[in-house]
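Scroll down for the structure; my scribbles are underneath it.
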Amino acid sequence: MNDPLTRLTAGLETRYEIGREIGAGGMATVYLAKDLRHDRQVALKLLRPELGAVIGAERFLAEIRTTAKLQHPHILPLFDSGEADGLLFYVMPYVEGISLRDRIQREKQISIADAVRISSEVASALDYAHRHGVIHRDIKPENILLHDGQALVADFGIALALSNAGSTRMTETGMSLGTPHYMSPEQAMGEQDLTARSDVYALGAITYEMLVGEPPFTGPTAQAIIARVVTESPRPLIPKRHTIPPHIEAAVLTALEKVPADRFATAAEFAQALRTPGFTGGRTAVTATTFPKRLSSLSKKWQAVAAATAMLLAATAFGLGRYSADEAVPPVTGRFLITTPSDHRLSSFGNLNVAFSPDGSSLVYAGQNARVRQLYIRKMDDVSSSPIPGTEGGTDPGFSSDGRWITFWHGARLQKVSVGGGAPIPIPITNINAISAVWLDGPDVVLTDNNGAIRRQGGDGKSSIIARPDTAKRESVLLLTDVLPDRKTGLLVAIPGGASSGRGYVLDLKSGKRTLLIDQAIGGLKYDNGYVVWVQQDGTLFGAPFDGKKLTTPPVTIAQNVRFTVGGSPQFSVSRAGALVYVPEQPFQLMYVDRNGKTEPVLDLKRRFHSPRISPNARYIAMDFTQQNSRDVWILDLSDKTLSRLTFDNDGHDPVWNWDGTKVAYATARNGVIGMFMRNADGSGSADSIHVGATAQTVGAFVRNSEELVILHTSQMFGNGDLYTLSLNRRGTPTALLASPFNESYPAVSPDGKWLAFVSDESGQEEVYVRPLHGQGAKTLLSRSGGSEPVWSRSGRELYYLGSGETGTLLIAAAVSTGAEFKVVGRTDLFQFSEYEGATPHANYDVMPDGRFVMVHQGRMSEIIIVQNWTAEVKRRNAGSR
C-alpha cells in the first residue's frame with residue numbers, strides 16, 4: 001500500500017471515515033472526513049509525505065500542540081493531529097462556506113465596508129496569536145474562510161512546525177513557506193526570525209487585493225513577483241478605485257512598507273487605522289517612480305540588500321529558474337464573474353443555456369427579459385450583452401466548430417443564425433423528436449432521438465442509428481454531449497431511467513463502438529483541445545487530459561457549485577482554447593407567495609428545494625432536496641418549522657400525498673431503474689414498492705377517496721411521456737390513460753376526483769388541457785399561447801398554471817366550472833414567475849387553503865463565471881503532484 005490515501009484510510013479506519021478530496025496545495029491535501037467518535041464532518045489535512053519526512057513526526061506534533069491552544073472566534077480551531085503509517089495529518093472543523101479567495105474570484109472587488117470588516121476580523125485573530133507567540137507566516141486569501149460571512153483564519157497549526165524545519169531542509173522538498181504575492185520583503189529574502197510585522201504586511205496585501213481586485217505586485221513567475229516585492233513600492237489604491245477613502249489607502253500602504261519598523265507594530269493597530277477617518281500615517285501622495293527612486297526611500301542597508309536580491313532573482317528567473325527566456329511562460333488561470341444587465345436575467349428554461357465560442361471570444365446565453373425569452377451574446381472584449389435578433393423563444397445555444405454560426409432550439413426545431421446577424425435558418429431534423437443534437441457544420445446532424453438512441457441524419461433526411469441504450473445496464477438514454485473536431489468521435493453520457501447523470505463514454509460515430517471513459521455518475525461531458533471536463537451531480541466540475549480514448553492523468557477539480565438543473569444538465573460550456581464558462585448554483589428558499597406576488601419565507605433554511613407538496617390538512621409540506629450529496633424526501637412540520645427525513649434512498653424525489661394524508665408516494669432510482677414507493681408519512685414502517693418499470697418516470701397524483709394513482713411513463717411505442725393509472729389494490733400493470741405520439745405530462749387531479757389537468761405538446765407547443773379522469777370525454781384547452789405546471793385550488797374552482805404574458809412568464813389563475821361539464825369562466829394574470837424555479841414533468845409549487853402559494857424562490861439568477869486557462873491549471877497541478 002504505497003498510495004498515501006490508502007495508507008491513511010487504513011491507519012485511521014477506527015477514528016475517521018475519509019471521503020472525497022476537497023482541496024490541495026503545495027503543503028497538504030484536504031479531505032472531507034467523518035469523525036466517527038463525535039459523528040461530525042471534519043476537514044482532514046494530509047501533509048505531503050516528503051514534507052512530513054523532512055519535518056519529522058516528533059517535531060511536527062510537538063510544535064502543533066502549541067498552536068492547538070489558540071482559542072479565538074476568528075481562528076479555525078485544531079481538533080486533532082497525529083501520525084498514521086508514517087503520514088502526518090491534522091484535523092480541523094469542516095466549514096460550510098467559501099474562502100476569501102473564492103469570494104475575490106467571484107466579485108473581483110469586494111465592497112469597502114466588507115473589506116474593512118474582514119481585514120479587522122483577521123487582524124483580531126492575528127493580534128491574539130501574536131500575543132501568544134505564534135506568527136502565521138502564510139496569511140493569504142486561501143487560508144481565510146468565510147462562514148456565514150465571518151472570517152476564520154486557518155492553518156495556524158502548520159506554520160510553526162514548517163518554519164522550525166529550517167530553510168535548508170525545506171529546500172530539499174522544493175517548497176517554501178509563504179506565497180509570493182503576500183510575502184513581506186524580509187520573508188521573501190529568506191529571513192528566519194520573522195515578527196508580527198511580517199503578518200501585518202501579508203494582511204495589508206490581502207486588503208489591497210480585496211479593494212482593487214489584484215495583489216500589490218504581480219508577475220509571470222514567482223521570481224518576478226518576489227523581485228518586485230523587495231524593490232518596488234505598491235501603486236496607490238485611489239486611482240484604481242476612486243471611492244476608497246484616503247485613510248483606508250494610507251492604512252494599507254503603511255502596512256505594506258518595505259522596512260518592518262515603518263509598518264504597524266501590531267495587527268490591532270492596522271485594524272484601528274482602517275476604521276479611523278483622517279489617518280495618514282505621516283504619508284504623502286504616492287506616485288509611480290522609477291526603480292532607483294523607489295530604492296531611495298529605503299535605508300542604506302535595505303538598498304543594498306534589495307538591489308542584490310533583485311539581481312539574484314533576475315539571474316535565477318532568466319538563467320537558473322524553471323522557465324528560461326526561450327521557454328513560454330505558462331498562462332495564469334483566471335476566474336472572473338460577469339452578470340447580466342438589469343433588464344434581463346438568465347433563463348431557467350431549456351436543457352443547457354450557456355455556450356462558449358471555439359476561440360473563447362464570445363459567450364451566448366439564453367436570457368429572460370420582462371417580455372420574452374431570447375438569446376444574448378457577450379463579446380469578451382465588450383462590457384455589455386446584446387440580444388440576438390430572431391432568437392425569441394430560443395433555448396440551448398451552441399456554436400458551429402468554426403465559430404461562425406450559433407445553433408439553438410426553438411420548440412422542437414433546431415435552427416442556426418450567423419454570428420454576424422441575419423435571419424435564423426432551419427437545420428432539418430426529419431420525423432424525429434430529438435432530445436439533443438450537434439450540427440456537424442455541413443448537411444449532417446448527430447442527435448439523441450426520443451428513444452434515447454444516437455442517430456446520424458444526412459441532409460437528405462435519411463438517418464441511421466449509431467448506438468442504442470444498453471438495457472442490460474439499465475440505460476434509458478444515450479445523451480450526446482459533444483463531438484470532437486475530427487467529426488468521427490463523440491462523447492456521451494449513458495443515463496439510467498429517471499436520472500439526469502450517468503457514466504461517460506467515448507463513441508465511434510461510424511462503428512457505434514463505445515469505450516467507457518468515466519465510471520461514475522456525471523453530466524455534461526465536454527472536450528477542449530486535448531482535455532475533457534465534466535460535472536458530478538453535487539456540482540463539482542472536473543477536468544483531465546484526454547488522448548481520444550482514455551484519461552491520461554487523474555482528474556483535477558476546476559470549480560464547485562456548478563448549477564446542475566434537476567432532471568437536466570449541468571450549466572457549463574467550454575471553448576476549444578482552454579476557457580470555460582459556468583453558471584453557479586444559487587441557494588433556493590421556500591416561500592409563501594400571495595396572489596399579488598408578496599413573499600414571506602416558509603423556512604429560513606436555504607437548500608435546493610424541489611417539488612413542495614402540501615398535506616391535505618395543510619400542516620405539513622413534503623419536498624425533496626440534496627444534503628451531503630444525498631437527495632431524499634423530507635417533511636416540514638409547519639407548526640414548529642422542524643424538518644424530518646422521510647426517505648433514505650439517496651435519490652428519493654417528487655413526493656405526493658395520498659388523499660387522506662397518511663402516506664407519501666415518491667420516486668427513486670435503484671440499480672438504474674426508476675421505482676415508485678410509498679411509506680407512512682410519520683416515518684414509521686418501511687417503504688412499500690408500488691411499481692418498478694424500465695419506462696417509469698415519476699409519481700403523478702392520487703385520486704381522492706380511492707386507491708388509484710396517476711403516474712408518468714415513457715411510451716415504449718413512441719418514446720414520449722404518457723400518463724397511466726395504477727391501482728394500489730391490485731399492484732398490477734399500469735393502465736394507459738393518455739398514450740399518444742405526443743408528450744403528455746404534468747398530471748393534476750381535481751379535488752373531487754373527476755377531472756384531469758395535464759400538459760400536451762400536440763399543437764407544437766406545450767399547452768394545458770382538462771378532460772374527464774375516466775371515460776372518453778372531450779378535452780378543453782385551458783391555456784393560451786403556451787402553458788405548463790397546472791395546480792388545482794383546494795376548492796376546485798380555480799386552476800393555476802404557468803403561461804406567457806406581455807411581461808414574461810406569469811402565474812395565471814383560471815376560474816373554472818366543474819359541474820356536468822368543464823368550462824373556463826375567466827383568466828387572471830397573478831404575478832411574474834421569473835424568480836421561481838419551475839420543474840418538469842410535474843409542477844414545482846402548491847397552494848395552501850388560504851390561497852397562498854408555496855414556491856421555490858431561486859433569485860434573479862444573473863451570474864456567470866468564466867475560467868480562463870483551466871487546462872493550464874490541470875497541467876500545473878498534475879505536474880506538482882508527481
Task: Value of D in µm² per second that Stokes-Einstein yields for the stretch 388-514, Kirkwood Rh from Cα pairs, at 37 °C (0.692 mPa s) - done: 219
- [ ] Give, rounded to the nearest 20 debye, the magnitude of the charge dipole that the stretch 707-778 has about its Cα centre when Lys and Arg contribute +1 at Cβ and Asp and Glu contribute -1 at Cβ.
- [x] 320
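With charges only on Cβ, +1 for K and R and -1 for D and E, what is the dipole size of the stretch 79-152 about its Cα centre, in debye, rounded to 20?
Details: 8 positive and 12 negative charges, 85 e Å.
Around 400 debye, computed over the stretch 79-152.
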Task: Point-to-point label distance, Arg784-Ile98, nm (Cα→Cβ direction, 7 Å offset) - done: 4.4
- [ ] Return one whole number: the accessible area per residue of the chain in Å², for a 1.4 Å probe.
- [x] 42
Open item on the list: Distance between the C-alpha centers of the stretch 38-104 and the stretch 750-777? Whole Å please.
Closed with: 60
- [ ] Hey, could you get me the Stokes-Einstein D for the stretch 595-714, Kirkwood radius over alpha-carbon pairs, 25 °C and 0.890 mPa s, rounded to whole µm² s⁻¹?
- [x] 165
TODO: Please give the FRET efficiency for Ala57 paired with Val825, using the beta carbon to beta carbon distance and R0 = 60 Å, rounded to the nearest 0.05.
DONE: 0.15
- [ ] Provide the FRET efficiency to the nearest 0.05 for the Arg404-Thr553 pair, computing r from the beta carbons and using R0 = 25 Å.
- [x] 0.15
Task: HN-Hα J in Hz across the stretch 91-96 - Karplus 6.51, -1.76, 1.60, θ = phi - 60°, x for Gly and Pro - done: 10, 10, x, 8, 9, 7
Task: Approximate spin-label separation Arg595-Arg275, in nm, with each point projected 7 Å along Cα-to-Cβ - done: 5.1
Open item on the list: Taking the Cα centre as origin and putting +1 on Lys and Arg beta-carbons and -1 on Asp and Glu beta-carbons, what dipole magnitude results for the chain, to the nearest 20 debye?
Closed with: 860
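According to the Kirkwood expression over distinct Cα-Cα pairs, how big is the hydrodynamic radius of the stretch 497-619, in Å?
One over the average 1/r among Cα pairs gives 17.0 Å for the stretch 497-619.
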- [ ] Using Cα centres only, tell me the gap between the stretch 524-585 and the stretch 838-865 in whole Å.
- [x] 28
Task: Computed E for Arg131/Asp752 - FRET, C-beta separation, R0 56 angstrom, nearest 0.05 - done: 0.15
Open item on the list: I'd like to know which of Ala188, Pro260, Ser233 lies farthest towards the positive end of the charge dipole of the stretch 187-267, counting +1 on Cβ of Lys and Arg and -1 on Cβ of Asp and Glu.
Closed with: Ser233
Open item on the list: Need one number for the chain: average projected area of the convex hull over its C-alpha atoms, nm².
Closed with: 39.3
- [ ] Give, as a single signed number, the net charge of other residues whose beta carbon lies under 12 Å from the beta carbon of Phe79, with Lys and Arg counted +1 and Asp and Glu -1.
- [x] +2
- [ ] With everything on Cα atoms, drop me the angle between helix 112-131 and the longest principal axis of the chain, reported from 0 to 90° to the nearest 10.
- [x] 50
Task: Alpha-carbon centroid distance for the pair the stretch 604-644 / the stretch 210-284, whole angstrom - done: 49
TODO: Determine the sum of side-chain charges near Gly411: Lys and Arg each +1, Asp and Glu each -1, restricted to other residues whose C-beta is under 14 angstrom from that of Gly411.
DONE: -4
TODO: Could you check the simple spin-label distance between Asp604 and Arg371, using points 7 Å along Cα→Cβ, in nm with one decimal?
DONE: 4.3
Task: Extreme residue, positive dipole direction of the stretch 393-521, given options Leu447, Ser511, Phe399 (C-beta unit charges) - done: Ser511
- [ ] Could you list which residues have their amide H under 5 Å from that of Asn351, counting only those 5 or more apart in sequence or on another chain, with H placed in the peptide plane?
- [x] Asp396
- [ ] Work from the charge dipole of the chain (Cβ charges, +1 for Lys and Arg, -1 for Asp and Glu, about the Cα centre) and give the residue of Phe356, Ser501, Thr540 farthest towards its positive end.
- [x] Phe356
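Compute the relative contact order of the stretch 550-632 as a whole-number percentage, counting only Cα pairs closer than 8 Å that sit 6 or more residues apart in sequence.
16
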Task: Enclosed volume per residue, in Å³, of the convex hull spanned by Cα atoms of the stretch 745-865 - done: 115
Task: Mean residue ellipticity (222 nm) of the chain, computed from DSSP H runs ≥ 4 via -39,500 (n - 2.57), nearest 500 - done: -5000 deg cm²/dmol
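Tally Lys/Arg at +1 and Asp/Glu at -1 over every other residue whose Cβ is under 15 Å from the Cβ of Lys140; what's the total?
Residues close to Lys140 contribute a combined charge of -4.
The values are calculated or read from the model by the stated rules, or taken from the named source; none is laboratory data. These numbers were taken from a predicted model, which means no experiment stands behind them. In this analysis, Cβ positions are derived from the backbone assuming ideal geometry, glycine residues included, and neighbour counts consider all displayed protein chains. Side chains included, ligands, DNA and RNA excluded: accessible areas come from the protein's heavy atoms. Shrake-Rupley method; radii C 1.70, N 1.55, O 1.52, S 1.80 Å.
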